[in-house]
Each structure stands twice: as C-alpha cells, then as structure tokens.
Amino acid sequence: MKSMEQTSNTVSKEADFLRALYQDWSDRMVANPNMTIADFRSLFDEWEKPTLEPEAVTYKSDTVGGVDVVWAYPVGCDKSKVLIYTHGGGFAVGSSSSHRKLAGHMAKALGLSSIVLDYRRSPENPFPAQLEDAAAVYQALLASGINAKDIGTIGDSAGGNLAVASVLKFRELGLELPGFVIAFSPWLDMELTGETLENNAAADALITVPLLQGMIDMFVGEDKSKVRDPLANPLLADYYGYPPLYINAGGAECLLDDARRLHDRALAAGVQATLSVVDGMQHVFPFLAGRAPEADKEIERIAAWYKTLQK
C-alpha cells in the first residue's frame, strides 16, 4: 500500500555508469538521425553492459508457447515458481540478450526461475502481438502444471507496460491471474501527458518525447486510436481483482509520473500496491544490479516484499 521515496545527497559513482551509457546513446542518436531499426536494436542490446553477471546462475534457450525465451536458473532455485520477464525497449528494441543478466539477478534474489521472452517486436509486429506472446507463454506454463499463484510478471519500461497489461489480458481471457507483478520504470502513457516528461527532461539522459513518440508510432501502427486502448495504455485500465503490485522508478527520469499514476490507480481499485522511487536514479536503474548499491538495495527491497506475499 505504501509509497517509498529513497533519498540521498549523492548518487554513487558506480550508478553514473548507466547515466553515461544513456548519454552516449543519446549522442549517437543525435549524430545519426537516420538510424535504421537494426541500428537501434544493436544500440539497445548494449543495455546489458551496466549489469554485472550474477553468480551461480545458469541460462537455457528454449521455446515456450511458440515464443523464443531464455530461462535463468539460479543454483538451488525453486523451478516450480517462475518470473515472466518482458524486456523493455519501446516494444521495438531490447531482447533476451540485453536483459538476461538482470532477470538472473531478480530470479536469484527471489529464489525462483525466470523466463525472458523474445516477444515479437514492432514495427514488424504492432500491438497487440507482444501481449499475445506473453499470454501464450503464460498459458503454456499453466498447462505444464505450474500454479498461477507461483507465477509473477515483471518488466521494465515498455516491458513494464507489458508486465502490467499482460495480466489485464489474462483477466480478459478468463485465466486465473498470477501471484504478483513487478514493474521497473514502466512506460504506460501512450498519450504522453505526464508532467515529469517536461520537469525531468534536463535530468534524464535517455528519454525524450520525440523518442517516445517514434516508438508509439511503431507500436500502434496505422490505427492511432489504439493509444487509448487500456491494454496499450494501462493508465486507462480498471484494476479490479489485480494481484499485488510493486512499482519502482528513478527520481531523475521523465517517466516517473507513469509510475506514480499507476500506483494511485491501483490503490484506488483496492490493489496491494507499493511504489519505490529512488532519488537521482535514471530510467530502469535496476540495470545496475551487481554494480551500484542503489540497484542492489532496491532488489533487496523487492525480495523482502516478495517474501511477505509468501506468508
């Protein structure tokens, strides 16, 4: 139910690695305004760089529900419990390669397995292809004998949108809902109305309105009315019967208002919802797992929250 603001006077020098990476990407995008989608995908696969390899985690490529995935198996984990990880990247870039290590850190902290989806990406596959893939994986896991309550959805940025919206899709399909949802810096508002898009513009080293608008155009395709579909824009959704929800964001990022508004909307529907905002942090700061104390402490908070759900 609570909202936590983690404040500090300084950002660790280790955390600056992520800001510097984002600034490098921004500079390269400005220098090459005609980047192809292949160029963007190569750029964003560098997202794995801030994350240090988690110890004692193994990985396995697989196909689940017709979707290519990568499993993360911490040594000794409970394989009957699964995190479905939908990666960020504006629905168009990012991959299991860029997010494998972060999924491994999360699986290790929670003591379960994680499955990173290489869902179909836009613009080749616009909305709702990504949700269809998430639903196919979820249904395959249920069919394999895994209990819904032992599954959680998790994602960052656009993948945070998918982690949230996929559960709304499961509800629409009449499926038993998963046990919990975790959203890192979720990008939810396809109409771009958040005040922090402007207020944090100088502090955010990556996110800009033109960048988001380009991603939206690819995501929704020709039918621009889809920006108000609650499955594309979860800030417009009804959260009745929704599972416990953990949301985090960086205090320096442009999408902070999306996290705050999701928290408010969930609480209004009676959802057990927690919001953690860490002062000075950039977009999806948990990417600094294993490198920066801010990320490691946040993951510890999530693990503690998860344990309360198991009681």
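Only the coordinates and a few stated rules stand behind these numbers; no lab work does. Since the model is a prediction, treat every value here as computed from it, not as a measurement. All Cβ positions, glycine included, derive from the backbone under ideal geometry; neighbour counts span all protein chains shown.
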**Message:** Please verify whether Y138 is in contact (Cβ under 8 Å) with a residue 60 or more places away in the chain and surrounded by 21 or more Cβ atoms within 10 Å (Cβ to Cβ), treating the condition exactly as stated.
**Reply:** yes
**Message:** Could you tell me how many of the residues in the range 257-311 are in a helix (DSSP H, G or I), within 16 Å of M106 (Cβ to Cβ) and among the charged types (D, E, K, R)?
**Reply:** 7
**Fill in**
Residue hits (the range 75-99; of a type outside the set (S, T, Y), buried (at least 23 other Cβ atoms within 10 Å of the Cβ) and not in a loop (DSSP other than H, G, I, E, B)) are V82, L83, I84, H99
**Prompt:** If we keep just the residues of the range 230-242 that are assigned to a loop (DSSP other than H, G, I, E, B) and out of contact with any Pro (no Cβ under 8 Å at 6 or more places or on another chain), which is nearest to K169 (Cα to Cα)?
**Reply:** P230
**Request:** Scan the range 236-280 for residues that are closer than 19 Å to F127 by Cα and either crowded, with 21+ Cβ neighbours inside 10 Å or of a type in the set (S, T, Y) (or both) and jot them down.
**Result:** A237
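I need a count of the residues in the range 49-74 that are under 30 Å from A20 (Cβ atoms) and surrounded by fewer than 19 Cβ atoms within 10 Å (Cβ to Cβ). If you could, list the steps in order and put the result at the bottom.
Filtering the range 49-74 down to residues under 30 Å from A20 (Cβ atoms) leaves 49-57, 59, 70, 72, 74.
Filter again for surrounded by fewer than 19 Cβ atoms within 10 Å (Cβ to Cβ), leaving 49, 52-53, 55-56, 59.
Summing the residues that are under 30 Å from A20 (Cβ atoms) and surrounded by fewer than 19 Cβ atoms within 10 Å (Cβ to Cβ) in the range 49-74 gives 6.
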**Asked** Do you know which residues across the range 186-215 are of a type in the set (S, T, Y) and surrounded by fewer than 13 Cβ atoms within 10 Å (Cβ to Cβ)?
**Response** T193
